[in-house]
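Engineer: Can you keep this structure in mind? I'll have questions shortly.
Readers should treat all values here as calculations from the given coordinates under stated rules, not as data from a laboratory. All values derive from a computational prediction rather than experimental measurement. Because the Cβ atoms are built from the backbone with ideal geometry, glycine has one as well, and the counts that use them run over all protein chains shown.
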Amino acid sequence: MSKVSLGLQGRVAIITGAARGIGRAALDRMIEEGVHVLAWDIDPAWAEEIKTIATPDTVKINAFIGDVSQSEAWQEAVKSALAQFGRLDFLFSNAGISGPALPVSRYEDADFDRVMAINARGVYLGLKHAGRHLSQQGRGVIVNVSSISGLSGGGNIFAYTASKHAVVGMTKSAAVHYAASGVRVLAVCPSPTDTEMMAYAERSVMPGDPQAARPIFTQGVPMGRYAEPEEIANVFAFLISDQASFMTGTIVPVDGGTMAR
């Protein structure tokens, strides 16, 4: 089914975790919308891979390699977007890791710190550095990726759950802070999505037959399946568009009805 254009042509976005999963789907959707993208990933191979992505002549996509947990990387990313595209309109803070699937009593300090650095500190730094620029120019939208684990207990994925709750709180706080400056801040909360992160979770639960783990992860989803990355990307595209112009501080479950139970 063809998508309706959201009037985003010529705008500029930074997408973190753009090489795979939801980030890659968001990148593809921005290409469809005519949005120029600074596509950020930590994998050095991304700089070469991005050259193979077919784009219209009217759309530019440039790779950015860096660690979202580092303030210097964020400062450089914002500077790079402005230098390469002349403007910055949107941020999709998507980069994240799952960490070990363990309860709090068995969690290692180093693992907790790593998950929080990427999933929570990375979002904080985006809100700070990209948000500061968007606020100064008087317009822009930031969409952070949380999770339904940021709205509930999250089972044994302790650090991941903590980090995604932090994303929800930071989104609401930043939305209030930036509202008077014309900047909107929102979060999406996907249920299990068909990405490499979920494939890793399946292998962890059932190493001999990962596919057999899917019913475990979808048993609480009324629609009975994983989300597709494109379904999350479509919500991101709507949220940054003017059609969502009176939405800020909103936490949007994209979860097949999970949180309605």
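Engineer: Ordered by residue, what ³J(HN,Hα) values in Hz, to whole numbers, does region 54-59 give under the Karplus form 6.51 cos²θ - 1.76 cosθ + 1.60, where θ = phi - 60° and Gly and Pro are x?
Structural biologist: 6, 9, x, 4, 8, 10
Engineer: Springs between alpha-carbon pairs under 10 angstrom, Gaussian network model over the chain: which of Tyr107, Tyr178, Tyr160 fluctuates most?
Structural biologist: Most flexible of the set in this elastic network: Tyr107.
Engineer: Among all the lysines, which ones have a C-alpha under 27 Å from Lys164's C-alpha, if same-chain residues fewer than 8 places away are not counted?
Structural biologist: The qualifying lysines are Lys128, Lys172.
Engineer: Tell me, what ³J(HN,Hα) does each residue in region 124-139 have, in order and in whole Hz, if you take phi through Karplus 6.51 cos²θ - 1.76 cosθ + 1.60 with θ = phi - 60° and put x for Gly and Pro?
Structural biologist: Values, residue by residue: 4, 5, x, 4, 6, 7, 5, x, 4, 5, 4, 5, 5, 8, x, 6 Hz.
Engineer: Now a separate question. Do the sum for the chain: with -39,500 (n - 2.57) for every DSSP H run of n ≥ 4, divided by all residues, what is the mean residue ellipticity at 222 nm, to the nearest 500 deg cm²/dmol?
Structural biologist: -12000 deg cm²/dmol
Engineer: Please list 117-126, 142-151 highest first by mean number of surrounding beta-carbon atoms within 10 Å per residue.
Structural biologist: In decreasing order of mean packing, 117-126, 142-151 become 142-151, 117-126.
Engineer: Taking just the alpha carbons, could you work out the radius of gyration and Dmax for the chain, both in angstroms?
Structural biologist: 17.6, 54
Engineer: Which whole-angstrom value gives the distance between the alpha carbon centres of region 171-235 and region 79-103?
Structural biologist: 16
Engineer: For region 176-260, what value does the Rg/Rh ratio take when both radii are computed over Cα atoms and Rh is the Kirkwood radius, given to two decimals?
Structural biologist: Rg/Rh for region 176-260 comes to 1.11.
Engineer: Same structure again: Kindly identify region 39-183 as rounded, prolate or oblate by the Cα gyration tensor criterion: order the square roots of the eigenvalues as a ≥ b ≥ c, call it rounded if a/c is under 1.5, otherwise compare a/b with b/c, prolate if a/b is larger, else oblate.
Structural biologist: oblate
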